[in-house]
1. Can we say Ser229 is outside any helix (DSSP H, G or I) and more than 23 Å from Gly115 (Cβ to Cβ)?
2. Of the residues in segment 168-178, how many are surrounded by fewer than 21 Cβ atoms within 10 Å (Cβ to Cβ) and either assigned to a strand (DSSP E or B) or in contact with a Phe, Trp or Tyr (Cβ under 8 Å, 6 or more places away or on another chain) (or both)?
3. Scan segment 90-99 for residues that are in contact with a Gly (Cβ under 8 Å, 6 or more places away or on another chain) and buried (at least 21 other Cβ atoms within 10 Å of the Cβ) and report the count.
4. In segment 45-54, is there at least one residue being of a type in the set (A, V, I, L, M), touching a helix residue (DSSP H, G or I) at 6+ places or on another chain (Cβ under 8 Å) and not in a strand (DSSP E or B)?
5. Looking at (1) open to solvent by less than 70 Å² (accessible area, probe 1.4 Å); (2) part of a loop (DSSP other than H, G, I, E, B); (3) at pLDDT below 95, find the lone condition where Leu25 falls short.
6. Pairs, please: C-beta under 8 Å, at least 6 apart or cross-chain, first residue free of Cβ contacts under 8 Å to residues at least 40 places away in the same chain and in segment 213-228, second acidic (Asp, Glu) and surrounded by fewer than 20 Cβ atoms within 10 Å (Cβ to Cβ)?
7. Of all residues in segment 130-157, how many are within 25 Å of Thr197 (Cα to Cα) and assigned to a loop (DSSP other than H, G, I, E, B)?
8. From the list Ile165, Ile127, which one is surrounded by 19 or more Cβ atoms within 10 Å (Cβ to Cβ), over 13 Å from the mean Cα position of the chain (by Cα), of a type in the set (A, V, I, L, M, F, W, C) and assigned to a loop (DSSP other than H, G, I, E, B)?
Amino acid sequence: MKNWFTQRSGWKLRIKILILLFCFLTQSGRAQTCDRQRDSLALVALYNSTNGPNWSVTWDLNQPINAWYGVELNDAGCLRSLILNNNGLKGSIPPEIGNFENVLQIKMDDNALVGSLPDKLYDLALIETLSLLNNQLSGELSSIVDHLKSIGTLNLMGNQFSGPIPKEIGNLHHITWLGLNNNQFSGEIPHEIGQLTTLGSLWASFNQLSGPIPEEFGNMVNLSQLTLSQNNLSGGIPSSLGNLPNLTFLYL
């Protein structure tokens, strides 16, 4: 009887642990579902919104999505990576792009994308690389940029983004590369950027940034490249920059 009770209690404990683990994963956003149909519909929305029939390398929508140019799937059959650099995309990014729950990488450099970034884009909690270099995107960065919890590389250089750099960008705790060059960002650089202790490169030249360089930049111990030239910055160079042991390139 004692052994039976012990075994039964052990099973109950294991079940409780499994339930708690499932709840934790679900609440943390790491338990993602794979819905291939959802991904295929989102890809078609992108195709239709960016003049897909006239891309340099277009898609045959009658073929399965794993046969489409620039599309890479994960083992479960959902979108893992989308690379459409220099492919003649012309138009806006549709809100359906936020439906790629499993995507790790999106690159659409050197195209003719216009308009603002849809708020749904910030739903990509697992994305590690987002590169939209050299397009014609505009508008302000949303304050919900910190929803990109896993982002490591964010490249927005060569566009027409304007307005302030949102202070919430300081919550991107995994970012290593941030490219903001050649836009129209204005206002002061938020002090919260100094919280990015993983950041290795910050490129923010050729904008309309004003005010001082934040002293908090001295907290970014992994920073090796910092460019802030061609802005309207004022004041002195913070002595805290001398605390950066890995800084090898400073362009002011």
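1. Details: outside any helix (DSSP H, G or I): yes; more than 23 Å from Gly115 (Cβ to Cβ): yes.
So Ser229 passes the test.
2. At the first step, the residues of segment 168-178 found to be surrounded by fewer than 21 Cβ atoms within 10 Å (Cβ to Cβ) are 168, 170-171, 173-174, 176-177.
With either assigned to a strand (DSSP E or B) or in contact with a Phe, Trp or Tyr (Cβ under 8 Å, 6 or more places away or on another chain) (or both) added as a condition, the list becomes 177.
Number of matching residues: 1.
3. Residues meeting the conditions: 1.
4. First, the residues of segment 45-54 that are of a type in the set (A, V, I, L, M): 45-46.
This time we only want the ones that are touching a helix residue (DSSP H, G or I) at 6+ places or on another chain (Cβ under 8 Å), so: 45-46.
Checking which are not in a strand (DSSP E or B) leaves us with 45-46.
Within segment 45-54, one or more residues are of a type in the set (A, V, I, L, M), touching a helix residue (DSSP H, G or I) at 6+ places or on another chain (Cβ under 8 Å) and not in a strand (DSSP E or B).
5. All conditions are met except number (2).
6. Glu216/Glu192
7. Just the residues of segment 130-157 that are within 25 Å of Thr197 (Cα to Cα), to begin with: 130-133, 140-157.
Keeping just the survivors that are assigned to a loop (DSSP other than H, G, I, E, B) gives 132-133, 140-142, 148-152, 156-157.
Result for segment 130-157: 12.
8. Working: Ile127 fails: over 13 Å from the mean Cα position of the chain (by Cα).
Criteria check complete, one pass: Ile165.
The values are calculated or read from the model by the stated rules, or taken from the named source; none is laboratory data. As the structure is a computational prediction, the values presented were derived from the model and not from experiment. Heads up, the Cβs are rebuilt from the backbone with ideal geometry, glycines too, and the neighbour counts pull from every protein chain shown. Protein only, heavy atoms only, side chains kept; ligands, DNA and RNA dropped before computing areas. Shrake-Rupley method; radii C 1.70, N 1.55, O 1.52, S 1.80 Å.
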